[in-house]
Every structure is written in structure tokens, then in C-alpha cells.
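Comments concern the structure below.
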Amino acid sequence: MEGSLAVGGPPAVGGGSPTVGGLQTADGPLTAREPMTDPVQARAAARAIAAAALGRDPGPLATAASGSHHVYVGADAVVKLIGASSHARLNREIALVPHLPAGLAAPLLGSGIHRLETGDDVRYACYARVPGTAPGMGMPGVDAATARALAEEAVERLGRLHAWVPGGGAERTLRETPDHGGFTGRAEFLAGIEALIERDRHGTVPSHLLDGLLAIAHDAPPHARAVVPVHADCHWDNWLAHGRSVTALLDFEWARFGDPVDDWFFLIRFSGPHRESVLDVVARATGTPPDTLRAGCEVREATHLAADLRVALERPDVHARMAADRLRSLEELIGGRFWWRPDPPVTPGAASGAPGGLA
């Protein structure tokens, strides 16, 4: 939806971590928001919140699809709602957005707790609507030149985020690292694989994939750096773009201190047939050897997939489809050498994923 905010929500990784960040299935994210008992009340609350923030009637509000929040989009405002007793990640975003480098995120107009007529409390954030549409997972329908131009702008914006020196409450929020299911170090990665093997009582994960995970883990760095602010979920559903220009980065609920490659992974991995071009943009902008980037991204994807599979195997009756999806992704990662193979050729005019594109 044009100009919408955070309509995708964080993908189900690591039992409550970002998409891969991620590789989402039809089951939806594991951390899906609790449904409102009365959608009419939720819409009325969104209208009241938007009206208070704008100082006038917000006009019609459309419902935007989201796996983590109730999202309502108007001509000038976007409202995100979630039950006050549900996850508190929206609080992280609210604490960070006003302090981010100028022009990086959509402006926050208001936030707080709103009581419905039912007596239930909802947490909310109201943002100014920013022009543009999300390029989308896999950048469907985006031509090569546009994909590269968007990647260059996205890398520049992420560079500003990585160079930001937060203070006060923003720094404290970033240091309160959420359970993101990503790479934190070799020992933790190996322990996670051992836990996966122990949980896999029925041999769901083929031995060659477990061996592949162990090989990636043994080659991983001893420790993950946590030295700069990272978004940690900056796939292409969380950007807005107009033409060949990026207009905003959305959804800072998973932001934390980390390594820049934590962000480069999401940007490159979800670029569809433009993966090699986006990797080249990152490598040139950061002075990082391409193979160093590939290795760092491979470690992060493997860690996320192992974490998701552990969650799926805890309740196989509930997460069978997610387990099958992650196994396919793991086969592509290890058997298909995803990070080390060239992109397939792009047929001119062909879509690179789900229908869609840029305005």
C-alpha cells in the first residue's frame, strides 16, 4: 500500500526475531499481534489518534496488512496499534525514532496508550505518511537500473545510521538487545545447532544440512561485533521509495547495537535477482571485499534458519509449514551454495517475485 508503514511486520525468525528477518511462510510470523476483540473499536481508536495528532479529521483510513500490528493508513498519517499486554517492541521504535538521523525514518507524530470503549488498552504510534511504496521482498517488477539506484541510496542511509552516536535513552534502548535469533558468536551458533540436533528426534533435518550448518559455524568469527546502531530488519518491505529514490526506512522495532553486516545481510538477501548488484553496491560503498560480505551474510542466514527450525520442531503440529519452508531455504543455502552462486539472468520486463513494483 502506497506510503504505508510497517505493513509487513518482522518475519518469524528465531521464535520472535526479525524476517529470515524472515523467510516468512504462509503460517505468518510466530510473533503475530493479538487480534483486537472488536475491529470497529480498533478503527475508531485509530481515527481518534490520527485526529489528535493532526489536529483535524484524518479522512478515510484504510487497513494495511500486518503480521505484528494493526495498521491504519490515511492521506497524511499512519497509525500502528497493538494490545498493551502484547509484545513491547513498538516501545523500542517509539523511543528511537525521534532521535534518529534526520530524514531516515517517517516522523513520529504521537504515541502512547489509548483505551477502547471495551475497556481494553492499546499501545499506539502515529506517524506522518511518507510518499512512496515498498519495493518489496525480492524487489518484484523492479528493473536492474532502479534496483541499483535504490540500493545506493539505501546503503547511504544505512551508513548514516551506522555512523550515528546515540545518547541518553536512545543508547539505553539500543543496548537492551532483543532476542533476535541472529548471529552473536561461534560458540552460541554451535550451541544452537546442537540444540537443534537434540530437538530433531525424528530426523526432520537431513544430516547433510546439519553438517553444512556445522561447517559454516566452525568458520564463523568467534564473536559478533556490537559496535554501531543497526536496523536489523532492513529488507525491502521496510523501505519506501518513489521512482529511483528512497524516501524512508521503516520499522525500528528490532534496532540494536550490532555489526553493519547485520544490515547488509537483509538488504542483499531480499533483493531477488538483483542480489549480486546490491552486493556490489555494498562492497564498493564500504570497501568490503565481496567474499567477506558473502561469508558474513551466509553465517547470518544460517543462524536465523537454525533458530527458526528449533522453534518449529518444538511444536511441529503448529509449525509444520514453517519447518518445510525453512528446510527448503536451508537446502538452498547449503546444497545450492546460495551466497556463492551467480544470479540467474533477469528477463526484461519479467517480475522478480510477487506482483508489484515501484510507482
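The values are calculated or read from the model by the stated rules, or taken from the named source; none is laboratory data. Quantities reported herein were computed from a predicted structural model and do not represent experimental measurements. Note that each Cβ is placed from the backbone with ideal geometry, even for glycine, and that neighbours are counted across all protein chains shown. Note: accessible area is taken over every heavy atom of the protein model, side chains too, but ligands, DNA and RNA are not part of it. Shrake-Rupley method; radii C 1.70, N 1.55, O 1.52, S 1.80 Å.
Would you be able to tell me the number of residues in the range 272-281 that are out of contact with any Ser or Thr (no Cβ under 9 Å at 6 or more places or on another chain) and surrounded by fewer than 20 Cβ atoms within 10 Å (Cβ to Cβ)?
2
Output yes when any residue across the range 34-51 is in contact with a helix residue (DSSP H, G or I) (Cβ under 8 Å, 6 or more places away or on another chain) and not basic (Lys, Arg), and no when none is.
The answer is yes; a qualifying residue exists.
I need the full set of residues from the range 175-212 which are on the phi > 0 side of the Ramachandran plot and open to solvent by 10 Å² or more (accessible area, probe 1.4 Å), in order please.
Correct list: GLY181, GLY203.
Since GLY168 meets every condition but one in (1) open to solvent by less than 10 Å² (accessible area, probe 1.4 Å); (2) at pLDDT below 95, which condition does it not meet?
Among (1) open to solvent by less than 10 Å² (accessible area, probe 1.4 Å); (2) at pLDDT below 95, the lone unmet condition for GLY168 is (1).
Given the condition of a type in the set (Val, Ile, Thr) and in contact with a helix residue (DSSP H, G or I) (Cβ under 7 Å, 6 or more places away or on another chain), answer yes or no: does some residue in the range 52-73 qualify?
no
Pick from ARG269, ARG284, ARG294: which is under 26 Å from ASP325 (Cβ atoms), without any contact (Cβ under 8 Å) to a residue 60 or more places away in the chain and either buried (at least 23 other Cβ atoms within 10 Å of the Cβ) or among the basic types (Lys, Arg) (or both)?
ARG294
For ILE94, are the conditions met, namely being of a type in the set (Val, Ile, Thr), part of a strand (DSSP E or B) and either surrounded by fewer than 20 Cβ atoms within 10 Å (Cβ to Cβ) or at pLDDT 95 or above (or both)?
For ILE94, the condition - of a type in the set (Val, Ile, Thr), part of a strand (DSSP E or B) and either surrounded by fewer than 20 Cβ atoms within 10 Å (Cβ to Cβ) or at pLDDT 95 or above (or both) - is not met.
Just need a number here: residues in the range 213-223 that are open to solvent by less than 30 Å² (accessible area, probe 1.4 Å) and not in a helix (DSSP H, G or I).
The total comes to 1.
Please state which of the following conditions CYS234 fails to meet, knowing it meets all the rest: (1) touching a residue at least 12 places away in the same chain (Cβ under 8 Å); (2) of a type outside the set (Gly, Ala, Ser); (3) over 19 Å from PHE338 (Cα atoms); (4) not in a loop (DSSP other than H, G, I, E, B).
All conditions are met except number (4).
Tally up the residues in the range 191-221 that are farther than 22 Å from ALA324 by Cβ, more than 26 Å from the chain's Cα centre (by Cα) and aliphatic (A, V, I, L, M), please.
So the count comes out to 1.
Being at pLDDT 95 or above and more than 12 Å from the chain's Cα centre (by Cα) is the filter; apply it to the range 225-242 and report the residue that is nearest to ALA105 (Cα to Cα).
LEU240
Take the conditions open to solvent by less than 10 Å² (accessible area, probe 1.4 Å), closer than 18 Å to ARG123 by Cβ and modelled with pLDDT of 90 or more and apply them to LEU81. Does it pass?
yes
Restricting to the range 52-66, name every residue that is part of a loop (DSSP other than H, G, I, E, B), of a type outside the set (S, T, N, Q) and surrounded by 15 or more Cβ atoms within 10 Å (Cβ to Cβ).
PRO58, LEU61
Of the residues ALA145, ALA105, which single one is open to solvent by 20 Å² or more (accessible area, probe 1.4 Å) and under 19 Å from ASP233 (Cβ atoms)?
ALA105
Against the definition (open to solvent by 60 Å² or more (accessible area, probe 1.4 Å), at pLDDT 95 or above and part of a helix (DSSP H, G or I)), how does GLU331 come out, yes or no?
yes
Could you list all residues from the range 224-253 that are open to solvent by 10 Å² or more (accessible area, probe 1.4 Å), more than 18 Å from PRO140 (Cα to Cα) and among the acidic types (Asp, Glu)?
Of everything in the range 224-253, just one residue is open to solvent by 10 Å² or more (accessible area, probe 1.4 Å), more than 18 Å from PRO140 (Cα to Cα) and among the acidic types (Asp, Glu), namely ASP251.
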